[in-house]
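**Q** Quick one: structure below, then a few questions.
Every number in this text was worked out from the coordinates using simple rules, so none of it is lab data. Values in this document were obtained by computation on a predicted structure and should not be read as measured data. Cβ sites come from the backbone with ideal geometry, for glycine too, and all protein chains shown count toward neighbours.
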Amino acid sequence: MSNRWGAERKGAMINERGVIEKILQNKAVIKIQRSPDCQTCEARGSCHAEGDRNMLVEVENELHAKEGDTVEVSMPTRSVAKMALVVYLGPVAALIAGAFAGDGLGRSLQLDSPLAPVIGGLVLLAASLLALKGFDRFARSRPEYHPHMTRILATGPEPAAPPSGDSR
């Protein structure tokens with residue numbers, strides 16, 4: 001496999017195993033069961049799970065796996081940590097910075113109202129959420145921010161043969 005992740009590939013990887021639920025053109029939807037390692041992962045809050053047990057992940061099907069195959073899915077830990085930092089810490093930092101900026105602006109305009117920090121915080125929070133949309137577009141365009149199917153661990157059952165036209 002080519003080294004599409006650059007230097008990121010050399011670092012630690014999050015590796016999970018899952019079963020392919022369905023194939024959609026050149027993509028595979030994989031059901032991954034949360035492992036005990038999820039409890040200590042730096043980015044555990046960024047995963048979305050069905051009923052806190054299973055996650056559905058869509059990846060490129062570069063290995064031409066089939067429905068029912070058990071596969072390994074990997075993503076650089078550093079990329080997951082960066083995404084979690086931007087998504088979770090960014091808006092909180094913007095809210096706090098906006099509150100301080102609003103308070104400072106209110107004092108410089110000699111406003112004696114508690115609304116200045118609230119408005120400042122909300123304005124920067126809204127700006128950070130708009131910036132997250134830009135980060136989302138950026139992350140979607142970069143392969144190091146996508147999980148990848150790295151190997152097929154076991155092949156699934158062969159699909160049943162279609163019924164014959166003979167009804168005797």
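**Q** Name the long-range amide H neighbours of ASN54: under 5 Å, sequence gap of 5 or more, or other chain; modelled H, no Pro or chain starts.
**A** Amide H to amide H, under 5 Å and 5 or more residues apart or across chains, ASN54 pairs with ARG34.
**Q** Let me ask another. Using θ = phi - 60° and the Karplus relation 6.51 cos²θ - 1.76 cosθ + 1.60, list the HN-Hα couplings for region 73-86 in order, rounded to whole Hz, with x at every Gly or Pro.
**A** 10, 10, 8, x, 4, 4, 5, 5, 5, 4, 4, 5, 4, 5
**Q** Under the rule of at least 5 residues apart or a separate chain, name every residue whose amide H is placed under 5 Å from the amide H of LYS22.
**A** Correct list: VAL29.
**Q** How do MET55, MET149 line up, fewest other C-beta atoms within 10 Å first?
**A** Placing the least packed residue first, the sequence is MET55, MET149.
**Q** Taking R0 as 30 Å, what FRET efficiency do you get between GLU58 and ALA127 from their Cβ-Cβ distance, rounded to the nearest 0.05?
**A** The formula returns an efficiency of 0.50 here.
**Q** Hey, can you rank 129-140, 14-25 by average C-beta count inside 10 Å, highest first?
**A** 14-25, 129-140
**Q** Multiply the residue gap between ASP136 and ALA101 by 0.36 nm, knock off their C-alpha separation, and tell me the result in nm, one decimal place.
**A** 9.9 nm is the gain from fully extending ASP136 to ALA101.
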